[in-house]
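The structure appears right after this line, and notes come after that.
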Amino acid sequence: MRIAVLGGGAMGHVLADMIEEKDGVELAGIIEPLDGQKPEDAGTADVIVDFSNPANLDMLIDYCRAKKCPAVIATTGYEGAQLAAIKELAETVPVVFSANYSLGINVMKRVIAEITPILEDAFDIEIIEKHHNKKLDAPSGTAKMLLAAADDDGSYEHIFGREGNRKRGKEIGVHAIRGGTIAGEHTVIYAGNDEILEVKHTALSKKIFASGAIKAAVFAAAAKPGYYTMEDVLFGEK
C-alpha cells in the first residue's frame with residue numbers, strides 16, 4: 001500500500017521515515033506545498049495523509065475527489081466551513097479525521113467522557129495543554145477534543161484563558177502553553193474539596209502520532225466512503 005504525505009515539516013518527515021521502516025506500506029512521496037508541490041507530484045497513492053496546514057485543504061479535497069483517494073487528515077486549526085467541507089468529502093471517499101492520532105490520547109478521551117458525569121457536581125474542571133513554540137493554533141485540537149468529551153451536552157461555559165476578576169460559574173477553563181520543543185502534553189484536572197484528580201497524557205516524541213496515522217491509513221484504504229475518527233480505527237466503532 002502506497003501512502004503519500006502532505007506536508008514537509010517535522011511531522012511529515014517523521015511519518016515518512018516510519019512508513020519506510022514498516023512492512024506492508026510504501027512511501028509514495030512527501031508533498032511540500034510551500035515549495036509549490038501538489039499531491040499529484042507523489043505519483044500513484046492508495047492513501048494520502050495530511051500533516052500540513054489548513055490552507056492546503058482545497059488542494060487535498062480536489063486531489064482526493066479526482067483520484068478517489070482515501071484521506072487521513074491530521075492537520076488542526078480548521079474553521080467551520082472547512083470542517084463542513086471535510087465531511088462533504090467523506091460522502092465520496094473514506095476520510096479519517098482526528099485532532100490526535102495517539103492511542104493514549106484516544107483512550108484518555110474515553111476516560112474523560114466516562115468520569116465527568118460522575119464528578120461534575122462536586123469537582124471543577126480545567127484543561128491545560130502544552131506544545132512546542134512552533135505550534136500556531138491555540139488551544140490545541142486535542143484540547144478541544146478533550147473539552148468536547150468532558151462537555152458532550154454543552155452544559156458548561158468554555159473559558160479560554162482566564163484573567164481579571166470574575167466569580168467561577170459552571171465552566172471549564174482551557175489554557176495553552178507554548179515553549180521549547182514540547183511534543184505535546186494534555187492534562188484534565190478535576191479539583192474538588194480536599195482532593196484533586198488529574199488525567200494526563202505526555203507525548204515524548206512525534207512517533208506516536210505517526211504510528212497512529214499509519215494505522216489510520218491502513219484502515220482508510222480498506223474502508224467504505226464515510227467520515228471516521230480514531231475511535232473507529234482503534235475500537236471499531238462503526
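Assorted remarks:
- Long-range neighbours under 7 Å by Cβ, at least six apart or interchain, first residue touching a residue at least 24 places away in the same chain (Cβ under 8 Å) and open to solvent by 40 Å² or more (accessible area, probe 1.4 Å) within segment 201-224, second hydroxyl-bearing (S, T, Y) and assigned to a loop (DSSP other than H, G, I, E, B): I208/S102
- Remark: K67 matches the filter, which requires a residue to be of a type outside the set (A, V, I, L, M), over 25 Å from I172 (Cβ atoms) and without any contact (Cβ under 8 Å) to a residue 40 or more places away in the chain.
- Count of segment 90-121 residues which are surrounded by 15 or more Cβ atoms within 10 Å (Cβ to Cβ) and in contact with a Lys or Arg (Cβ under 7 Å, 6 or more places away or on another chain): 3
- Conditions (1) modelled with pLDDT under 95; (2) out of contact with any strand residue (DSSP E or B) (no Cβ under 6 Å at 6 or more places or on another chain); (3) buried (at least 19 other Cβ atoms within 10 Å of the Cβ); number of the one not met by G24: (3)
- Taken over segment 59-89, the residue count meeting the criterion of being buried (at least 21 other Cβ atoms within 10 Å of the Cβ), under 13 Å from the mean Cα position of the chain (by Cα) and either in a strand (DSSP E or B) or not β-branched (V, I, T) (or both) is 3.
- Screening the candidates V111, V96 for the property of being under 14 Å from the mean Cα position of the chain (by Cα), farther than 25 Å from R178 by Cβ and not in a loop (DSSP other than H, G, I, E, B) yields one hit, V96.
- Residue in segment 68-82 that is at pLDDT 95 or above and charged (D, E, K, R) present: yes
- Residues of segment 161-194 that are assigned to a strand (DSSP E or B) and either on the phi > 0 side of the Ramachandran plot or not aliphatic (A, V, I, L, M) (or both): E171, G173, H175, R178, E185, H186, T187, Y190, G192.
- Residue among K134, K144 that alone is part of a helix (DSSP H, G or I) and open to solvent by 30 Å² or more (accessible area, probe 1.4 Å): K144
- Residue match in segment 93-110 (condition: small (G, A, S) and over 29 Å from T202 (Cα atoms)): no
The values are calculated or read from the model by the stated rules, or taken from the named source; none is laboratory data. Just so we're clear, the structure is a prediction, and the values are computed from it rather than from any experiment. Heads up, the Cβs are rebuilt from the backbone with ideal geometry, glycines too, and the neighbour counts pull from every protein chain shown. Areas reflect the complete protein model, heavy atoms only, side chains present, ligands, DNA and RNA absent. Shrake-Rupley method; radii C 1.70, N 1.55, O 1.52, S 1.80 Å.
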